[in-house]
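The values are calculated or read from the model by the stated rules, or taken from the named source; none is laboratory data. It should be emphasised that the depicted structure is a prediction, and the values quoted were computed from it without experimental measurement. Reconstructed Cβ throughout: ideal geometry from the backbone, glycine too, with neighbour counts over all protein chains shown. For the accessible areas, the whole protein counts, side chains as well, though only heavy atoms, and no ligand, DNA or RNA atoms are used. Shrake-Rupley method; radii C 1.70, N 1.55, O 1.52, S 1.80 Å.
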Amino acid sequence: QVQLVESGGGLVQSGGSLRLSCAASGRTFSSSAMGWFRQAPGKEREFVATISGKGGTTLYADSVKGRFTISRDNAKNTVYLQMNTLRPDDTAVYYCAATNGYFGTTMRNAYNYWGQGTMVTVSS
């Protein structure tokens, strides 16, 4: 089993920045790709970013490319999402997820473990 705990969400003005963290336990962290997804009110959960087991490969949704950066510290069993130039349409609950594979994917169903989510609200 893998436990994932997100933190770092909050209220920020448009154009501001936040850094989300996701602490993982229960599995060899460096063998698992990690991902971030988000779900806005009334919408489907959507892919944001993913990073491979040792961090060498990343992939982003077009909507966040150039503004968000995913990274990981395997010594701390933690994955991060640095979010810059935030916009009101970034408002959502952000979820951390882990796969059983080394490389990540944009597909929600490929992720086996999920955190409880952290709310990000961007005001205009």
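Among residues belonging to the stretch 97-117 that are within 26 Å of residue 11 (Cα to Cα) and either in a loop (DSSP other than H, G, I, E, B) or of a type in the set (Asp, Glu) (or both), point out the one that is farthest from the chain's Cα centre (by Cα). The extreme case among them is 116. Do we have residue 47 as over 17 Å from residue 27 (Cβ atoms), open to solvent by less than 50 Å² (accessible area, probe 1.4 Å) and touching a Ser or Thr at 6+ places or on another chain (Cβ under 7 Å) here? Yes, satisfied. Within the stretch 1-36, the set of residues being in contact with a strand residue (DSSP E or B) (Cβ under 7 Å, 6 or more places away or on another chain), surrounded by 14 or more Cβ atoms within 10 Å (Cβ to Cβ), farther than 17 Å from residue 86 by Cβ and not polar (S, T, N, Q) comprises 2, 4, 5, 22, 23, 24, 33, 34, 35. Every condition in (1) of a type in the set (Ser, Thr, Tyr); (2) over 11 Å from the mean Cα position of the chain (by Cα); (3) closer than 23 Å to residue 26 by Cα holds for residue 91 except the one numbered (3). Of all residues in the stretch 101-111, those being open to solvent by less than 80 Å² (accessible area, probe 1.4 Å) and in contact (Cβ under 8 Å) with a residue 12 or more places away in the chain number 5.
Out of the stretch 73-96, which residues are in contact with a helix residue (DSSP H, G or I) (Cβ under 8 Å, 6 or more places away or on another chain) and either free of Cβ contacts under 8 Å to residues at least 24 places away in the same chain or in a strand (DSSP E or B) (or both)?
Step one: filter the stretch 73-96 for residues in contact with a helix residue (DSSP H, G or I) (Cβ under 8 Å, 6 or more places away or on another chain), giving 74, 77, 83.
Matches in the stretch 73-96: 83 only.
Conditions (1) outside any loop (DSSP other than H, G, I, E, B); (2) β-branched (Val, Ile, Thr); (3) at pLDDT 95 or above, marked per residue:
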position: 5; (1), (2), (3): yes, yes, yes
position: 11; (1), (2), (3): yes, no, yes
position: 16; (1), (2), (3): no, no, yes
position: 19; (1), (2), (3): yes, no, yes
position: 37; (1), (2), (3): yes, no, yes
position: 43; (1), (2), (3): no, no, yes
